[in-house]
Amino acid sequence: MALQDAQWMRHALALAERAAAEGEVPVGAVLVKEGAILGEGWNRPITLHDPSAHAEMIALRAGAAALGNYRLPGATLYVTLEPCVMCAGAIVHARVSRLVFGARDPKAGAVDSVYDVIARPRLNHVVEWSGGVLEEECGAVLRAFFRARR
Ligand SMILES: [Zn+2]
């Protein structure tokens, strides 16, 4: 694991804590290009009354607005949880170069746990990806959140 990957994943984890503080499922995402933050987000569907307000979507929207481009070549998206079908689709649409996620999502993960939206060999855009970066820490934030709600 690259040192930088762990560093950015820690940043995404801090964003996930902000979601938890708002009563949202704690997932955080940061979009990085050439060592600088392009956009970041945390899960906010309840707060924003928006089913698409996942951490990844918010980070992608912020990054695209910052660049003035709906495509984000050369960017890496770090997210604490394996993206869902919607977010994985948006990552492909945005032409993100690389995806790094923390915990796997055995119930809804769309990179390789349940679906393989990112890795379909016939897609014309290939997203390089790695999973399991700070997997333990990323999973622990989610487990603590759901434990506290029971
Ligand atoms: Zn999602």
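The values are calculated or read from the model by the stated rules, or taken from the named source; none is laboratory data. The structure presented is a predicted model; accordingly, all values stated were derived computationally and were not measured. Glycine gets a Cβ as well: all are built from the backbone with ideal geometry, and neighbour counts include every protein chain shown. Ligands, DNA and RNA are excluded from the accessible area calculation, which covers all protein heavy atoms including side chains. Shrake-Rupley method; radii C 1.70, N 1.55, O 1.52, S 1.80 Å.
Numbers at a glance
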| item | result |
| --- | --- |
| Of TRP42, THR80, VAL126, farthest towards positive along the dipole that unit charges on Lys, Arg, Asp, Glu beta carbons give the range 1-139 | VAL126 |
| Percent accessible area from carbon and sulfur atoms, the chain, protein chains only, probe 1.4 Å | 55 percent |
| Cβ charges +1 (Lys, Arg) and -1 (Asp, Glu), total dipole of the chain, debye | 260 debye |
| Where GluC sites (Glu not before Pro) fall in DSSP loop in the range 1-103, at most 10 other Cβ within 10 Å | GLU34 |
| Cα pair distances of the range 30-97 binned at 10 Å [whole percent] | 23, 59, 18, 1 |
| Distant-in-sequence amide H partners of VAL114 (H built 1.01 Å from N, under 5 Å) | GLY109 |
| Accessible-area ranking of VAL111, VAL85, VAL141, largest first, probe 1.4 Å | VAL85, VAL141, VAL111 |
| Kirkwood-Stokes translational diffusion coefficient of the range 1-72, alpha-carbon pairs, 37 °C, 0.692 mPa s, µm²/s | 266 µm²/s |
| Gain in span if fully extended, LEU48 to GLU34, counting 0.36 nm per residue against the direct Cα distance | 2.0 nm |
| HIS93 accessible area, assembled protein chains, probe 1.4 Å, Å² | 140 Å² |
| Heavy-atom surface of the range 7-150, accessible at 1.4 Å and reported per residue (Å²) | 50 Å² |
| Backbone HN-Hα couplings from phi across the range 85-102 [Karplus 6.51/-1.76/1.60, Hz, Gly and Pro as x] | 4, 4, 5, 4, x, 5, 4, 5, 4, 7, 6, 4, 6, 8, 10, 10, 10, x |
